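Quick notes on the structure that follows.
The values are calculated or read from the model by the stated rules, or taken from the named source; none is laboratory data. Given the structure is predicted, the values throughout are model-derived calculations rather than measurements. All Cβ positions, even for glycine, are placed from backbone atoms using ideal geometry, and neighbour counts span all protein chains on display.
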Amino acid sequence: MQPLAWDDFRLVRAIADHRSLGGAAEALGVNNSTVFRRLNALEEHLGVRIFERARSGYLLTSAGEEMVGLASRMAESILEFERRIAGQDVRPSGELRVTTTDTIFSHLVSPIFCAFRQRYPEITLDFVIDNRALNLSRRDADVAIRASVDPPPSLVGRRVATIGWGCYAGRAFVSEQKPDLAEPESLLRKPARWVGLGDPISMTAGGRWISGQVPPECVVVKVNMVSTLASAAQAGLGMTALPCFIGDQLPDLVRIHSLRISSDTGLWVLTHPDLKKAARVRAFLEFFGAELTKRRRLIEGDDIANPPA
């Protein structure tokens, strides 16, 4: 019997993941007929059924389950090998995949990326802007700049600051509505207007504060992105909660100092342990750790751009 190839295991795993030939074909970058032909040839070669064909899709047999289990272990071994090899470079060069959120990139770190590029011109940065936590163990990215209370134990890195949150109102809103920003009780009852935080940002420090402190009848609209929160406040829809590194830098917003939000969310620079010794990763961690530390007062909300209102 001819030995099985890695592609055979990838094929079975893709069909099992998607439970269809079409989904597997799309994931593997081939057409449906290729997947159909390869699966039939593999089952004939092994002399057993790998999948049962059912109305609900392709279901693994016991032989198929063994193949998928082995494929998963093989894939993890390959990824581990790639991480170790990637961690052996000796000078800061090559491609570095960096993931962070849109708001952190836009309002905090984009100038630092420019400075980093000037310092290390042989490193090519590949930005992955995504509000989901990507899997660094699977090399979705090499390093991450993330807001987290407690990052995964599989990652290593540095907590550079606590992300402060504050309450903000648009200057036009303050001028038109004339709320008493020094009197917190009046801001938390009608006719006060607030912009709430919908999923997935409802569980941030600001989202939890609004949910616990602002009566539902005062929330006139909810949004599900932090960048949209800032735009809504600037447009005068109502008061809202924002990370201080965003709110304090927007001249159209006024910070409401009589309302305070506690936060235990940290700003982290993270990587996988197998990559931390790579020269390009080490250069990134050191450079961004130092530059973000310089901005700690802004991140934590102590660097007040707006005078007290």
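Annotations
- Residues of the range 235-254 satisfying the condition of being under 17 Å from Glu176 (Cα atoms) and surrounded by 23 or more Cβ atoms within 10 Å (Cβ to Cβ): Met239, Thr240, Leu253, Val254
- Any hit, the range 34-56, residues being more than 16 Å from Phe9 (Cα to Cα) and either in a helix (DSSP H, G or I) or touching a Lys or Arg at 6+ places or on another chain (Cβ under 7 Å) (or both): no
- Qualifying residue in the range 159-177 (condition: more than 26 Å from Arg297 (Cα to Cα), touching a residue at least 24 places away in the same chain (Cβ under 8 Å) and either in the same structural domain as Thr103 (by TED's automatic domain parsing) or not in a helix (DSSP H, G or I) (or both)): no
- Output for the range 95-134, where each listed residue is of a type in the set (Val, Ile, Thr), surrounded by 14 or more Cβ atoms within 10 Å (Cβ to Cβ) and over 15 Å from the mean Cα position of the chain (by Cα): Ile112, Ile123
- Residues of the range 241-264 that turn out to be touching a helix residue (DSSP H, G or I) at 6+ places or on another chain (Cβ under 6 Å) and farther than 16 Å from Arg171 by Cβ, as a count: 6
- Selection of the range 201-223 for residues being in contact (Cβ under 8 Å) with a residue 60 or more places away in the chain and of a type outside the set (Ser, Thr, Tyr) yields only Ala205.
- Total residues in the range 167-184 satisfying the condition of being exposed (fewer than 12 other Cβ atoms within 10 Å of the Cβ) and hydroxyl-bearing (Ser, Thr, Tyr): the figure is 1.
- Qualifying residue in the range 60-74 (condition: farther than 29 Å from His272 by Cβ and part of a strand (DSSP E or B)): yes
- Test: residue in the range 281-289 that is in contact with a strand residue (DSSP E or B) (Cβ under 6 Å, 6 or more places away or on another chain) and not in a helix (DSSP H, G or I): no
- Note on the range 293-306: among residues that are surrounded by 15 or more Cβ atoms within 10 Å (Cβ to Cβ) and not in a helix (DSSP H, G or I), the one that is modelled with the lowest pLDDT is Asn306.
Residues checked against (1) in a loop (DSSP other than H, G, I, E, B); (2) under 30 Å from Ser77 (Cα atoms); (3) in the same structural domain as Glu80 (by TED's automatic domain parsing):
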{"position": "Asp199", "(1), (2), (3)": "yes, no, no"}
{"position": "Leu242", "(1), (2), (3)": "no, no, no"}
{"position": "Ile256", "(1), (2), (3)": "no, no, no"}
{"position": "Asp274", "(1), (2), (3)": "no, yes, no"}
{"position": "Glu291", "(1), (2), (3)": "no, no, no"}
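- Qualifying positions in the range 1-33 - surrounded by 12 or more Cβ atoms within 10 Å (Cβ to Cβ), of a type outside the set (A, V, I, L, M) and not in a helix (DSSP H, G or I): Arg19, Ser20, Asn31
- Flag for Leu250 being within 18 Å of Thr101 (Cβ to Cβ) and in a loop (DSSP other than H, G, I, E, B): yes
- All positions within the range 139-189 that are closer than 21 Å to Gly212 by Cα, hydrophobic (A, V, I, L, M, F, W, C) and over 33 Å from the mean Cα position of the chain (by Cα): Leu181, Ala182
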